[in-house]
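The values are calculated or read from the model by the stated rules, or taken from the named source; none is laboratory data. The model shown is predicted, which means the values in this text are computed figures rather than measured ones. Positions of Cβ are backbone-derived with ideal geometry, glycine not excepted, and every protein chain shown enters the neighbour counts.
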Amino acid sequence: MLPQTIPLTDRALLGTYRRVPWPQPWVGLVCVLAYFLTGLGAAALEWPTSIASLATLAGLAYWLVAIRRIHLKLADLTAGSYPVRPEAAWFGHLVPGYNLYWVFAWPRALDRFLSPAASTPTSRGWFSGFWLLACAACFLFVDSGLGTLGLYWELSRRLRILRLALDEVPPRSPPARRLAIVGTVASLPFLMLLTYGALLEIGLVPPDAVVRGSDIAPRHVAILKDEGVLQEGERIVLAYFGGLFSVREEGCLLTSRRLVCYDDIEQGGAIESAIYSEITQIDWLSPRSWSDPASLLIFTTDGRVLTLDITANDDGGRRFLRQLEELTNTQHSNI
């Protein structure tokens, strides 16, 4: 058990703690941003996925440094009487089993130290403990970038509570705080769309609509050839890619020779094709709702049925259908 500590009331001690600089949460946010950008690069530019992992590991390392630095400040402030030692503060997170206790222990010790200076409901140790456990679960099982982002949100919140108690920063008025939160949250979708649009424009991610072969970036064509989707000498007439970050995820091609459909070829997915003279029937299935794709059913002479899910929110799907019918009719008439 951690010993009780005195409330923060003696302002005469405040001259010593400034020897140690405060940790900077923006360092972690840079790591998170690097994680998401390198994740996009790993999908679009075929970078190793380990690069993105290094960004989150760097974020975790600095988070531990930040926890140690906070406790160095507290040790200086209390002339060494603060119950949690700086080395124990960060190392306790790395001990299996014990860390489940520790994520509750050190925030509770900090709350007892600041009480009654910091009495907001979310300054209680139990909140921090459950939040840190949720971030760890997110890091391990959902997305390491989101887990790291959650850790730095808690770090930033803890730093502000501590600095408010030390009279280092003016308190934020509730309207201004709400406005800042709303503005930040509202801007995130715009920034994500802006980033995706820029990547789309320069050809790092596949087109999100039916496109002509001449509009496909050469690097995407090279990937399709390397994966065996596009044969040597074939020319793409029209294409539709269902993947978000890579042409390897999903796609349908109308080439100068045949129809080609594939799905997740990087993970060993199937590649199906049919030359136009083999196609006997083409059916268009309209979507059930505006958010669903349309479907094309292609019947071949050998009894196969190829199913294509294609966009129905613009004229691209119908254009793909018309082009397929034209190529099929042309090849049948030449037999």
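Taken over the range 86-110, the criterion of being surrounded by 15 or more Cβ atoms within 10 Å (Cβ to Cβ) and either assigned to a loop (DSSP other than H, G, I, E, B) or under 30 Å from the mean Cα position of the chain (by Cα) (or both) is satisfied by 89, 90, 91, 92, 93, 99, 102, 103, 104, 106, 107. Every listed requirement among (1) closer than 18 Å to residue 321 by Cβ; (2) more than 34 Å from the chain's Cα centre (by Cα); (3) assigned to a loop (DSSP other than H, G, I, E, B) is met by residue 233 save one, (1). Does residue 125 meet the test of being modelled with pLDDT under 80, within 21 Å of residue 65 (Cα to Cα) and in contact with a Phe, Trp or Tyr (Cβ under 9 Å, 6 or more places away or on another chain)? Criteria met by residue 125. Regarding the range 166-175, can at least one residue be identified that is part of a helix (DSSP H, G or I) and modelled with pLDDT under 60? The answer is yes; a qualifying residue exists. Within the range 131-143, the set of residues being more than 13 Å from residue 56 (Cα to Cα) and either free of Cβ contacts under 8 Å to residues at least 24 places away in the same chain or in contact with a strand residue (DSSP E or B) (Cβ under 8 Å, 6 or more places away or on another chain) (or both) comprises 131, 134, 137, 141, 142. If you go through the range 294-331 and keep only what is at pLDDT below 85, buried (at least 16 other Cβ atoms within 10 Å of the Cβ) and over 13 Å from residue 279 (Cβ atoms), you end up with 294, 295, 309, 310, 311, 312, 316, 317.
In the range 38-56, the condition of being at pLDDT 80 or above, touching a His at 6+ places or on another chain (Cβ under 9 Å) and surrounded by fewer than 18 Cβ atoms within 10 Å (Cβ to Cβ) is met by no residue. The set of residues in the range 260-286 being in contact with a Phe, Trp or Tyr (Cβ under 6 Å, 6 or more places away or on another chain) and under 28 Å from residue 246 (Cβ atoms) consists of 271 alone.
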